[in-house]
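Inspection log for the structure reproduced underneath, given as C-alpha cells.
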Amino acid sequence: VGMESEGEGKGSTFWFTIPLCPIDGLERVIGAHLFERYDKSGDLGLFLFALDADAISKATSDATDKRVTSDDVWVALASRTEALGVRSGFSGNEFVVTAAVNNSADAAAVQKKVTRLLKDVLFELAPSAVAGFTCGMATWAVDMTGADELLNTARKAQVHERDRITAKHVIIVDDETMVRKTIIRQLGQLGFIHNGEASGGDELFRLLQRQ
C-alpha cells in the first residue's frame, strides 16, 4: 500500500506492507494439522523456511526489473507445494509446511522437495537470492504444549542455506576451459567454495581417486 505526494508541501510519500496472514497465521495452520493428526497415523513434521530480508529487498526480477517481496515468493511457493499434499502457510518472511512423517527419512524427503521448490521460485524471481534463506525442522512431541512450541522449536533449529552448501564439494566436468571457469565463478557467488574441475571422464576419475 502506498501514497505518493503531489509535490513539495502537498503531503508525504510513504509505503507499507500489510501481511496476508494475521500474526498468528502460522500457528493456525499448524494447529489445524495437529487437530487432524489424531485421526491419522504418523507424526507431524513442521518445516520452517525464512527469507533473508536484505537479500530479497535487493533482488529484482531479471525480466521486469520489479522489486520482489517475500509475499511474491511465498505465493508462488504455496501454489507449487499443493502437489505435495502438504499444508502450508506464511506470514511476513516465514513460510511453514506441515506434513505427516513416519520417520526421519520421510522428514528429510519432504524438506528436500520443498527446498528444491523454493530454490526454483527464487531462481525465477530473484536469482541473486537463490540461497538467501534458512530452514528449520521440528517433529511434534507428546510433551509439547501447542503449535507455538512446535514453531519455536523449528525456529531454533534453523540453518542458513549458505552454511549448508559450503560443506558440499562440486566438480565441474566439461571439455571447455572457459565453461568450467564460468560455472565455478557462478557457484562461488552462490556460496559453493569447494569447487573442482575436470576436462573429461578420465580426469574426473583420477581426481576422485586422489580425494
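The values are calculated or read from the model by the stated rules, or taken from the named source; none is laboratory data. Just so we're clear, the structure is a prediction, and the values are computed from it rather than from any experiment. Here Cβ is always computed from backbone atoms with ideal geometry, including for glycine, and neighbour counts include all displayed protein chains. Quick note on the areas: whole protein, heavy atoms, side chains included, nothing else; ligands and nucleic acids left out. Shrake-Rupley method; radii C 1.70, N 1.55, O 1.52, S 1.80 Å.
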Checked against (1) open to solvent by less than 80 Å² (accessible area, probe 1.4 Å); (2) aliphatic (A, V, I, L, M); (3) over 20 Å from the mean Cα position of the chain (by Cα); (4) over 25 Å from ALA99 (Cα atoms), MET178 satisfies every condition except (1)
Are any residues in segment 177-202 of a type in the set (D, E, K, R) and either modelled with pLDDT of 85 or more or under 17 Å from VAL130 (Cβ atoms) (or both), and if so, which ones?
ARG180, LYS181, ARG185
So for segment 25-43 (the condition being at pLDDT 75 or above, closer than 16 Å to ASP148 by Cα, part of a helix (DSSP H, G or I) and among the acidic types (Asp, Glu)), does at least one residue qualify?
yes
Single match in PHE205, PHE133, PHE123 (criterion: modelled with pLDDT under 80 and aromatic (Phe, Trp, Tyr))
PHE205
Which numbered condition ASP106 fails, given (1) crowded, with 21+ Cβ neighbours inside 10 Å; (2) over 16 Å from the mean Cα position of the chain (by Cα); (3) not basic (Lys, Arg):
(1)
Taking the condition of being farther than 12 Å from ASP43 by Cα, touching a strand residue (DSSP E or B) at 6+ places or on another chain (Cβ under 7 Å) and polar (S, T, N, Q), how many residues in segment 84-116 meet it?
4
Collect the residues in segment 126-148 that are closer than 25 Å to ALA53 by Cβ and either aromatic (Phe, Trp, Tyr) or open to solvent by 50 Å² or more (accessible area, probe 1.4 Å) (or both), keeping them in residue-number order.
SER128, PHE133, MET137, ASP148
Inside segment 85-179, counting only strands (runs of 3 or more DSSP E) that do not spill past its ends, which hold 3 or more residues that are of a type in the set (Val, Ile, Thr)?
94-101, 169-173
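On the basis of being farther than 22 Å from ALA32 by Cα and in contact (Cβ under 8 Å) with a residue 12 or more places away in the chain, does LYS112 make the cut?
no
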